[in-house]
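Each remark here refers to the structure printed beneath this line.
The values are calculated or read from the model by the stated rules, or taken from the named source; none is laboratory data. Since the model is a prediction, treat every value here as computed from it, not as a measurement. Note that each Cβ is placed from the backbone with ideal geometry, even for glycine, and that neighbours are counted across all protein chains shown. All accessible areas refer to the heavy atoms of the entire protein, side chains included, with ligands and DNA or RNA removed. Shrake-Rupley method; radii C 1.70, N 1.55, O 1.52, S 1.80 Å.
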Amino acid sequence: MKYLVMVQGSQADYDALGGKASAHSPAWSEKELRALSAFMEELNNDLAESGEMVDGNGLAEPAATRLVGLGADGRPVITDGPYGETKELLAGYWVLDCESLERVTEIAERVLRSPAPDGAPVHPVVIRPIPDVGGGDV
């Protein structure tokens with residue numbers, strides 16, 4: 001079964017990664033950033049070696065986001081990020097092919113233990129099964 005494993009974040013989290021502290025999160029040091037990078041590299045390597053990794057990536061900060069919707073008149077409305085009304089957005093993801101929900105939950109628990117500075121927020125990791133609805137790639 002394939003699963004989408006998502007990590008969430010906010011613009012403040014991205015700012016903290018860039019060295020800008022806020023009431024939401026302390027600034028990350030170079031040492032903390034290196035530790036996070038090493039952790040993610042090891043996790044991705046382990047998932048690739050086990051054959052469970054299908055795809056995965058971190059995403060650009062919310063400020064680089066564009067929202068395309070429809071206005072009341074049916075015409076497109078384009079808004080650039082970040083969005084004040086949105087507390088958390090998708091920060092990164094993995095598509096994993098795991099033998100069970102229990103296995104993908106173990107991986108999500110590992111993601112939760114990624115290094116971070118004291119006082120940094122810990123966002124939940126979201127797991128969504130990807131149903132095989134036709135046997136072909138979308």
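Per residue, how much accessible area does the chain have with a 1.4 Å probe, in Å²?
Solvent-accessible surface per residue comes out at 65 Å².
Between V126 and K31, what is the FRET efficiency for a Förster distance of 22 Å, r being their Cβ-Cβ separation, to the nearest 0.05?
It comes to 0.15.
Considering only protein heavy atoms and a probe of 1.4 Å, how much of the accessible area of the chain is carbon and sulfur, as a whole percent?
It is 53 percent, rounded to a whole number.
Over the chain, what is the relative contact order in whole percent, taking alpha-carbon pairs under 8 Å and six or more residues apart?
42 percent
May I ask you to order 88-100, 50-62 by the average number of other C-beta atoms within 10 Å around their residues, highest value first?
88-100, 50-62
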